[in-house]
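Scroll down for the structure; my scribbles are underneath it.
The values are calculated or read from the model by the stated rules, or taken from the named source; none is laboratory data. Only a predicted model underlies this, so the values are computations on that prediction, with no experimental measurement involved. Note that each Cβ is placed from the backbone with ideal geometry, even for glycine, and that neighbours are counted across all protein chains shown.
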Amino acid sequence: MHPGSRSHTGALLLAVAAALIFSGCGTEREPSRGTRRSAAEPPRIALIMKSLANEFFVTMAEGAKAHQAANSGTYTLLVNGIRNESDLAQQVALVEQMMAQGVDAIVIAPADSRALVPVLGKALRRKIVVVNIDNKLDESTLQQVGIDIPFVGPDNRAGARTVGATLAKRLQRTDKVAILEGIPTAFNAHQRRLGFEDSMRGAGIDVVAVQSAHWEQDEANTVAAAILREHPDLKAILASNDNMALGAATAVRQADKTGQVYVVGFDNIPAVHQLLQDGRVLATADQHADRLAVYGIEYALKILRGETQPHDTQTPVDLITTAPH
Amino acid sequence: MLKPPTAADRGDSPAVRSLPRIAEYLGLMAVLVLLVALFSALSAHFFSRITFTTLANQIPSLTVIAVGMTLVLIAAGIDLSVGSVMALGSAVLALARVEWQLPLSVAVALCLAVGLLAGLANGFITVRWAVPSFIVTLGMLEVARGGAYLVSESRSVFVGAAMGRVGMPLPVIGLSPAFILAVLVVFAGEVLLSKTILGRYIVAIGTNREAVRLSGIDPRPVVVSVFALSGLLAGLGGVFHVAYLESADPNSGIGLELSAIAAVVIGGTSLMGGRGSVVSSFLGVLIIAVLQTGLAQIGATEPAKRIVTGAVIVAAVILDAYRHTLGNRREHD
């Protein structure tokens, strides 16, 4: 980002210098370009993501870039991600860098629902529009800091509930199931777990184990294999993302229980499509990763244009039970 | 062929040499038995054939990587890049199989070649510019991880049946071909270390590199081959990983280097170099695997898992230290 901004400033200085040299006294237009920017130049929006090593956020970022390319006259976009999902300090630093760059809006998927609130408060005081996507900021922390940031994103709990309800139709009361949770401190992980639990409780199904596999395939495989041994009559594994569903499906196959133990996931990543087709994964949820950042950007653009907006906006989560063709 | 030096070269009789080795295995075996007994008491379903075959089929990657790590540590180096190199190899393997539709043997060869090249680069840079291997392999950890993201476009790739049955349990015995291969690698590693000239050089370099150099032996080719071997084995770990999980995840193997180092250190290999055993590292892998599986099976909470794992690693090393002082005293008596 830094080199980019430097060359931008450099180009500006060159233009100013050229204007001064070639027109002698210089016209009013060129030197005043810097101050004119906010009025006539398209607004600059910073998209701050979690880890860009994560498939989900890569899809989000690509969706945003495609949207910007199609609307290049409307706004310019800076996309940044952090090294890994737990690196809060780096994300706080990114917000500060974007503030220093003087962007008009920040659209952020916070790595933590509390730790990012203070620095976003600073951005708001600088009259930067802030829109929260993906991971919802904590209400009480927002109140404590005395700020209000709109959330544009899917309801993970409702999505997980829909996936769970699809599974429940295949099960009977008192059947035993297990839940594989994401990183326990992540808001999404918590919401999906709650959604799964809601649907299972509603159908009278017995959740005999809840363990974290940190969103990871390998760990999900180890944990699922252990749960399958501990509960030989287990009927289903609810994985909070598709990577863990892949690991669980492999554990089911290795335990020779294909067809006896259902697996469901969340996210609808391409790697899971073959398993959906084979029936080794029963259902997953698609929260349209490619559109998630775009929803936030469009929301920010409307605020910048002075349009009033509903406070929080829910984006769709669709149930997926068959592989797309 | 390399001619193995006789035990007399080291100034001790075969009997004396083999005694502490057996004691070493016994100590680690005791820890292992203790853990198995503990989990069997805590869970009604732990002590079963299926638990042990599943566990065995989960560890081939960590096992072969720990073999490489053992040799690197004995040579007084360290290889932090193994997890990333494994992920890069896996990604290339999945791409070769799914996207380019290459035959399995070619795809596997590519994966191994990626590991070997990364290892050669580690070794070459370490000796050419005399940079500590900690720094070189830390760099490789980043480079290979970036490479894995690049070739996979940061996406998990489903490979499915395209890997054949390498990672799947064989009928009747319930063990996978990958596990059997991994055990063979362990024995090959042990033979390399204790019965070949190269093995002796590795130990000697780890003990006193300067003395090796002064005695007219160039330590550099040995160091390069140790890192190359570690890279190659990380590539092999990648093959096993993809075969077992039926897919390649560019985020796989994050922190694997620490698991491998923990297993090797539990096995009594010195972080300072010059001392260690490949078979003991394998026992270290088993201890870590039993711990991981057992804790998951009894449904331990996340904090409990972390705390217990950390405590067992340290306790095993303390136990090892005690065994060594006892062993040394016996030798001096």
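See the values below:
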| quantity | calculated |
| --- | --- |
| Scope the range B:169-217; condition among the small types (Gly, Ala, Ser) and closer than 30 Å to A:ARG253 by Cα; matching residues | B:GLY174, B:SER176, B:ALA178, B:ALA182 |
| Condition broken by A:ASN221, with the remaining ones in (1) assigned by TED's automatic domain parsing to the domain that holds A:TYR75; (2) buried (at least 23 other Cβ atoms within 10 Å of the Cβ) satisfied | (1) |
| Any hit, the range B:267-285, residues being within 14 Å of chain A (Cβ to nearest Cβ) and under 15 Å from B:LEU32 (Cβ atoms) | yes |
| Any hit, the range B:234-251, residues being within 14 Å of chain A (Cβ to nearest Cβ) and closer than 23 Å to B:GLY199 by Cβ | yes |
| Test: residue in the range B:256-266 that is touching a strand residue (DSSP E or B) at 6+ places or on another chain (Cβ under 6 Å) and surrounded by 24 or more Cβ atoms within 10 Å (Cβ to Cβ) | no |
| Failed item, numbered, when A:ARG125 is tested on (1) in contact with a helix residue (DSSP H, G or I) (Cβ under 9 Å, 6 or more places away or on another chain); (2) closer than 26 Å to A:ALA64 by Cβ; (3) among the basic types (Lys, Arg) | (1) |
| Residue in the range A:303-316 that is outside any loop (DSSP other than H, G, I, E, B), modelled with pLDDT of 95 or more and touching a helix residue (DSSP H, G or I) at 6+ places or on another chain (Cβ under 7 Å) present | no |
| Residue tally, condition among the aromatic types (Phe, Trp, Tyr) and part of a helix (DSSP H, G or I), over the range A:36-95 | 2 |
| Helices (runs of 4 or more DSSP H) within the range B:139-248 that include 3 or more residues of a type in the set (Phe, Trp, Tyr) | B:219-245 |
| Options A:ALA93, A:ALA61; residue that is under 18 Å from the mean Cα position of the chain (by Cα) and farther than 17 Å from A:PRO150 by Cα | A:ALA61 |
| Residue in the range B:108-130 that is touching an Asp or Glu at 6+ places or on another chain (Cβ under 6 Å) and modelled with pLDDT of 95 or more present | no |
| Matching residues in the range A:45-96 - criterion: being in contact with a Phe, Trp or Tyr (Cβ under 7 Å, 6 or more places away or on another chain) and within 14 Å of chain B (Cβ to nearest Cβ) | A:MET49, A:LYS50, A:SER51, A:ALA53, A:GLY81 |
| Any pair with Cβ under 7 angstrom, 6 or more apart, that starts in the range B:225-237 at a residue that is in contact (Cβ under 8 Å) with a residue 12 or more places away in the chain and ends at one that is among the polar types (S, T, N, Q) | B:PHE227/B:ASN122; B:PHE227/B:THR126; B:GLY231/B:ASN122; B:GLY237/B:SER61 |
| Matching strands (runs of 3 or more DSSP E) fully within the range A:199-301 where at least 3 residues are under 19 Å from A:ALA165 (Cα atoms) and within 12 Å of chain B (Cβ to nearest Cβ) | A:206-212 |
| Tally of residues being surrounded by 14 or more Cβ atoms within 10 Å (Cβ to Cβ), at positive phi and more than 9 Å from chain A (Cβ to nearest Cβ) across the range B:138-192 | 1 |
| Enumeration of residues in the range B:151-182 that are over 30 Å from A:LYS50 (Cβ atoms) and touching a Pro at 6+ places or on another chain (Cβ under 6 Å) | B:VAL166, B:SER176, B:ALA178, B:PHE179, B:ALA182 |
| Selection within the range B:137-163 - over 24 Å from the mean Cα position of the chain (by Cα) and among the small types (Gly, Ala, Ser) | B:SER152, B:SER154, B:SER156, B:GLY160, B:ALA161, B:ALA162 |
| Residues (under 23 Å from the mean Cα position of the chain (by Cα) and among the basic types (Lys, Arg)) located in the range B:201-230 | B:ARG220 |
